[in-house]
1. Taking B:Ala216 as the residue in question, decide whether it is in contact with a helix residue (DSSP H, G or I) (Cβ under 7 Å, 6 or more places away or on another chain) and at pLDDT 95 or above.
2. Checking B:Ile362 against (1) under 18 Å from C:Ala177 (Cα atoms); (2) facing chain C (nearest Cβ under 10 Å), which single condition isn't satisfied?
3. Consider only pairs whose beta carbons are under 6 Å apart and that are at least six residues apart or on different chains; among these, list those whose first residue lies in region A:54-70 and is more than 11 Å from chain B (Cβ to nearest Cβ) and whose second residue is of a type outside the set (Lys, Arg) and surrounded by fewer than 16 Cβ atoms within 10 Å (Cβ to Cβ).
4. Restricting attention to region B:262-273, does a residue exist that is in contact (Cβ under 8 Å) with a residue 40 or more places away in the chain, part of a helix (DSSP H, G or I), in contact with a strand residue (DSSP E or B) (Cβ under 6 Å, 6 or more places away or on another chain) and at the interface with chain C (Cβ under 10 Å from one of its Cβ atoms)?
5. Would you confirm whether or not region A:43-66 contains a residue that is of a type in the set (S, T, N, Q), within 30 Å of B:Pro111 (Cβ to Cβ) and in contact with a helix residue (DSSP H, G or I) (Cβ under 7 Å, 6 or more places away or on another chain)?
6. Restricting attention to region A:187-218, which residues are crowded, with 19+ Cβ neighbours inside 10 Å and farther than 21 Å from A:Ala112 by Cα?
7. Take the residues in region B:287-312 that are within 24 Å of the chain's Cα centre (by Cα) and aromatic (Phe, Trp, Tyr), then tell me which one is farthest from the other protein chains (Cβ to nearest Cβ).
8. Out of curiosity, is B:Phe127 part of a helix (DSSP H, G or I), of a type in the set (A, V, I, L, M, F, W, C) and within 14 Å of chain A (Cβ to nearest Cβ)?
Amino acid sequence: MLPEAVQHAHHPSALAHQFDSLEQQREAATLGMWAFLVTEMLFFGGLFCVYTVYRTWYPDAFAAGSHELIIWAGTTNTAVLITSSLTMALAVHAAQTGNRRLLITLLIVTIALGCVFLGIKSFEYYTEWMEHHVPGLNYEFEGEYYRNAQIFFSLYFLMTGLHALHMIIGIGIMLFMLWFSIRGVITQEYYNPIEIAGLYWHFVDIVWIFLFPLLYLIGRHTHV
Amino acid sequence: MSSTVLTPPHHYLNDGFGVKSWLLTRDHKRIALLYLAGVTFFFFIGGAMAVLMRLELATPAGDLVSDETYNKLFTMHGVMMVFFFLIPAIPAVLGNFLVPIMIGAKDLAFPKINLASWYIYMLGGLFTLYAIIAGGLDTGWTFYTPFSTVSSTTNVVPAALGIFITGFSSILTGLNFIVTIHRMRAPGMTWFRMPLFLWSTYATSLINVLGTPVIAITILLVAAERVFHFGFFDPRVGGDPVLFQHLFWFYSHPAVYIMVLPAMGVVSELVAAGCRKPVFGYGFVAFSSLAIAVLGFLVWGHHLFVAGESVYSAMIFSILSFCVAIPSAVKVFNWTATMYKGSVSWETPMLYAYGFIGLFTIGGLTGLFLAAIGVDVHVTDTYFVIAHFHYIMVGGTIMGYLGGLHYWWPKISGRLYNESLAKLAAGIIFIGFNLTFFPQFILGYMGMPRRYHAYPPEFQVLNVLSSAGASILGVGYLIPMIYLMWSLRYGRLAGSNPWGAVGLEWMTTSPPPTSNFAETPIVTWDAYEYPARVESHVA
Amino acid sequence: MPPLFPQQASTMAERVDALYFFLVGVAVFFALLIAGLIVFFAVRYHRRDPNATGVNVHGLMALEVAWTVIPFLITMVIFVWGSSVYFAMAHPPDDTLNIYVVGKQWMWKFQHLDGQREINELHVPVGRPVKIIATSEDVIHDFFVPAFRVKADVLPGRYVSVWFQPTKPGRYHLFCAEYCGTRHSGMIGEIVVMDPNEYETWLSGGAAEGSLASAGGKLFADLACNTCHRPDAQGRGPVLDGLFGRQVALQDGSAVSADEAYIRESILTPSAKIVAGFQPIMPTFQGLVSEEQLLELIEYVKSLKSQTEQPTARPVPPGGPTTNETTPVKK
């Protein structure tokens, strides 16, 4: 049995009591975040499954609905999110190299980009509300695809809404990370929270990268 | 290994008193007891509904309660039992208590997340309880569309949200166990030196983590459709109600393995300790848990054989369903072989283990009837299916749970319970259970459908037998409540290893200290290495 | 002594029961084997000395393989047998007597082709294969006749079919076996199987409204379908004579079989499949026709034979209409 003295010798304040070393803690936290992201994949996966079924059955209705979405808003948002993933990755690197100032700056930029995304999304939702494309609230749709396009819009709002909720949570997590960074909790020895927050942020970005073409770009190549 | 001290002066139960020390605890053992209180509470609510149902079914006419009320009773019985008892019980009570100790760690990987999972569980449970009190739910625990989305007039949305919330409790618990088992094993504790309970818990956690998110999104879709009339499952706008069934069963079939795998893990421990020798075919039993977890995700379509599935996909699901039976059979054979040349105990925990093996075998064999499509067409949606899954859930999981609760009770509480009363209760439960559910196989083949409030008179005799059994079973479940509570105060002190068993949990005090071990163990032995003789303190 | 086994009243029942008894045999064998071994070992090796331990018997690969492979082979036998029974259930013979069923909360509505309507009770002749074509008006129900060993979920928006051939006259329970709301357990009825002569008598005593097909023809005219769907190929819609059962070429190049589901979809959502060479101008009749009226229209379309075909004589009960009717075309 390991003598108690050895157990308590290295005990930095960042080490939680159930772990034997910072290394073990870091590995556990990272594995935990990856496992959690797998659950998120299954969660969104259910919606992608529903999407696949109905798009296969009603391709024209889906294309008609997709054409009603605001393509410039979706494209801009895609660029915004990809950039925010870049700033996030750079933030992790800043943390690794102990560059606290840069870390704080990059976290602020990432948060700001996230807010820009949500702002554009809100504008889209507002516009779609004005155009009466919200199922259950004021849905109308001209033409032969009225019925089945309802499924498209339902999926659109549900999938982008769930994604936006994850963005909001992500921004919350980033605010926590910002606070940790300002308070000096993040050091060159202990930057794992930034890493795993980054994992989450990248995941939310990747979900959008799937959502964008599947929702906004249906049949775009056949129409001007 | 003998203990010189029967009860240590400092242990996790007296490490802090008062409500705050319990409600804000990060100790996995205290959290396990919080879960014990929660699951017991919901079990008795679900059980009360069952009692009312069986009382109604003693007569062919629907004369005790109205049909609306009956529909709410069976729905809430299913919801309470499945989501709030069977899925969490063994993992969150026994798993939370034992996983760190069996692995030689001080706690789980994420203690605060563990506590959060309990709060989430209770919040979801209270939401669902609100749905009952505010008028009930009548969709069945399966929420089939379009009835649940369009036709039902009951509190579907609050109940759905309650289940949605509770799902996160399962996910967080699963994540915690996976990370703990991967990263926090004591020095020397290789994967193949782990007790089989940990293998089962690991496999269960994999299912929890992969399957629960799908039911979460599915139930969210039902709630969203009800509120916003989205139309995913509404044929009037081109939706497909059978798509719901695919999404629902994609989780809910693996869910039944979440319910039974932990009980199988408990039984492995009970059989090893009850025979004082290693489980026969350790490697096969360990891998069979993983095989069940994987195969369990591939068979959901067997719930849709008569639901409009194509002939060829039905046949694929049928053959896979036969395949998933095999690893369970392997376990049963290995447990039975373990008893050969064992030193076979007749103490209560072991009685529950033997009961599990027999009843699970019957339940599993009747699963073969359901996997054979030609027979399933006749018996699906009848009492045959009800008997099948109760043999596994009640004859299996609940007996495994009770066996584990009795076996580890001395470790958890530091006390021994009254063995004679415990044996009596086990016997009453066994008899009551079989009397309740065996007649239902016959009823099902005769054609009595499920979820029927009233039935043709020729089904009465079997129903009366079943209801009689249910009252016996109910009494049987109450007895352990009494003597276990009594033992907390008046039971004999247990000492660290009353059973003379081998395992890390028996190498620490009863109750254990908050950090589980005085010193971190270094493991150099296999899981069930029994010496030629041990010291037992139960007699 | 109450009954403990359902009656066998269809050709399929014997096949299902044979498999069932084999399964019972397998189950009893293994249950007794395991229970017996447990009891035997528990007694034979009962711990007498409280401090004794067991003998570590090392695992035997041959044993593990044996008790994995043998159960697997047994399950494969059951699989093949079960699939073969299921295959027969899923493929009705060609000469079935078709009956339409509409399930709704909480009753069964039956429509015989000659126009007889029944509620909750269905009369059929013994010895003939019967095909039920069913749909639901609201939620999912399930058509279950234990004595025939037949069961299928009845879905809204779709047609499902089951078939059976009764072998014994008598009255047999019909149950709804998919929970459908408040009076689910009240959605029960009876299948009345009669000798062929009695059945003919019963049939001729019945419907005054005329056959399903003729009701459909009337509806076809009332709804002005005949203004576009003319038999002389000069209408704006495709010719329906001889359509049923044929392959239809669609605008996108694919082909589809003109079955009941196709006709139903063409009436409710005509834009879903456009016939090659035609414009998508047919209006939808969603909400304008009930499920029963859809069945009448389907039967009418079925009855329309191609102008160049020899009229085929369909076996009909005496007193019923012939199948060679065509409705006069309104200008």
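The values are calculated or read from the model by the stated rules, or taken from the named source; none is laboratory data. Remember, it's a predicted structure, so these values are computed and weren't measured experimentally. Cβ sites come from the backbone with ideal geometry, for glycine too, and all protein chains shown count toward neighbours.
1. Answer is yes for this residue.
2. (1)
3. Filtered contacts from region A:54-70: A:Ala63/A:Gly219.
4. No: zero hits.
5. No, region A:43-66 contains no residue that is of a type in the set (S, T, N, Q), within 30 Å of B:Pro111 (Cβ to Cβ) and in contact with a helix residue (DSSP H, G or I) (Cβ under 7 Å, 6 or more places away or on another chain).
6. A:Tyr191, A:Asn192, A:Leu211, A:Leu215, A:Tyr216, A:Ile218
7. Looking at the filtered set, the residue picked out is B:Trp300.
8. no
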